[in-house]
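The values are calculated or read from the model by the stated rules, or taken from the named source; none is laboratory data. All figures in this text were calculated on a predicted structure; none of them were measured in a lab. Heads up, the Cβs are rebuilt from the backbone with ideal geometry, glycines too, and the neighbour counts pull from every protein chain shown.
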Amino acid sequence: MLLTTPDHQERSERRNMLLLLWDPLPPAEAVSGNQDLITDILLRLPVKSLLRFKCVSKQWLSLISDPQFSRHYRNLASAGIILCGTTGHIDHVSCGRRNSEPPFTYLGFIDDSAGTKILQSCNGLVLCCSFFELGKSRNYYICNPSRRQFLMLPPPSAKGCDESITIFGVHLYFDPCKSPHYQVVCVRNCAPSSAAANDHYQIEIYSSETRTWRLSGSPFSAPFDMVFDNGVLWNGTLHWISPTGASLCFDIVQEQFGEMPSLPSNEKWSKRRLRYFGESGGHLHLIEIYGSGTTQFQVFEMAKDYSSWIPKYQVDLAAIVNAYPEMARSYPDSHDSRFYLFSILFVQENEEDSLLLLHVPGKFISYNLIDKTFKELCDFGANSTKANTSIQIGCLHAYQFIETLSCV
């Protein structure tokens with residue numbers, strides 16, 4: 001089941017294209033000689049098919065390898081959502097028009113004895129790291145899972161660091177509309193001798209163009225509870241929010257720090273829970289839930305000029321709780337205090353849809369933010385996390401993913 005379905009015009013275009021492919025009347029030479037037709041067909045295929053079709057002929061190899069073809073392919077691509085649990089299996093919710101087949105379901109092509117997990121996804125490239133092993137440093141990888149390509153990043157340079165490097169967060173930035181090269185931003189510790197009293201952090205940036213790390217700016221300070229591995233990329237800027245509401249931004253292009261407006265609620269911190277912070281369709285979203293016993297909350301969106309958080313959608317999950325009563329739980333030895341088990345995985349907002357992807361015990365739910373309807377997503381395979389009804393809430397991570405022909 002797709003989060004979005006092709007419209008009538010899209011289905012007609014696909015049908016006409018198939019007729020052109022399979023109609024026995026036009027001679028094969030006429031079809032093979034029509035490069036525009038071949039290009040239109042190839043642009044609608046998944047990456048793994050295109051890689052195989054490079055072997056068909058020199059003409060197809062040249063066409064698929066052309067940077068202009070890659071740009072057109074990117075413009076036609078639609079983003080899906082990949083769901084990652086603790087088992088290493090990766091599920092895929094298709095939001096696109098091209099195909100519903102999962103682009104990948106595991107990262108076994110990365111040769112790491114500890115296994116790997118996804119940290120971020122950015123325009124078709126994925127940042128991964130190895131699982132923690134006692135006595136070993138973590139490895140970090142950039143990969144294109146559609147091409148089954150990966151690159152292990154060299155460790156940061158350790159310049160200005162008197163002791164061993166501690167990495168607090170690593171983030172991928174890739175904007176193929178601006179450059180074919182990507183960058184990786186690392187937040188690490190710095191030498192006490194090279195920093196002011198409260199400056200404990202240093203930014204270091206890796207460039208795929210130079211294949212090297214370099215220091216960015218001077219050491220800096222941050223709120224004591226800032227979690228640097230939960231950054232969100234929006235408009236070329238990394239954004240972090242601490243559990244107590246402090247914020248920090250880093251403009252990757254300008255290499256400058258800033259702050260976001262205060263969070264939207266004046267509720268006491270004992271009642272506030274930041275349940276979602278992410279980007280979709282060029283929008284930065286935030287969801288706070290005030291108390292565990294409520295089914296109502298708002299989806300906030302950051303103003304383009306960073307002036308404020310704007311309430312965008314009102315959500316009430318009461319109907320979902322009624323449909324799935326296993327969401328409702330009670331605290332031990334309490335007759336009145338109830339709470340609800342659900343995890344907000346993703347807010348999808350584009351020209352066609354505004355949806356909330358939820359995980360409730362054993363199920364994935366798509367909630368329409370416009371008309372307040374919901375549906376259970378049932379297209380997961382027998383070996384997927386969907387089949388594991390014992391999966392715990394909060395153990396899943398969702399990332400937007402769009403296929404690309406770009407190399408690492």
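A compact table of results
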{"item": "Residue in the range 349-360 that is more than 25 Å from Gly282 (Cβ to Cβ), part of a loop (DSSP other than H, G, I, E, B) and not charged (D, E, K, R) present", "result": "no"}
{"item": "Qualifying residue in the range 171-186 (condition: touching a Cys at 6+ places or on another chain (Cβ under 6 Å), buried (at least 21 other Cβ atoms within 10 Å of the Cβ) and at pLDDT 95 or above)", "result": "yes"}
{"item": "Elements of type strands (runs of 3 or more DSSP E) in the range 224-307, at least 3 residues being farther than 30 Å from Thr166 by Cα and at pLDDT below 95", "result": "283-290, 296-302"}
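Per-residue answers, yes or no, for (1) at pLDDT below 90; (2) within 22 Å of Ala398 (Cβ to Cβ); (3) in contact with a helix residue (DSSP H, G or I) (Cβ under 9 Å, 6 or more places away or on another chain):
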residue	(1), (2), (3)
His72	yes, no, yes
Ile81	yes, yes, no
Gln149	no, no, no
Met152	no, no, no
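Residue by residue, here is whether (1) in contact (Cβ under 8 Å) with a residue 40 or more places away in the chain; (2) loosely packed, with under 13 Cβ neighbours inside 10 Å; (3) under 25 Å from the mean Cα position of the chain (by Cα) holds:
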residue: Gln256; (1), (2), (3): no, yes, yes
residue: Glu259; (1), (2), (3): no, yes, yes
residue: Ser308; (1), (2), (3): yes, no, yes
residue: Pro311; (1), (2), (3): yes, yes, yes
residue: Gln314; (1), (2), (3): no, yes, yes
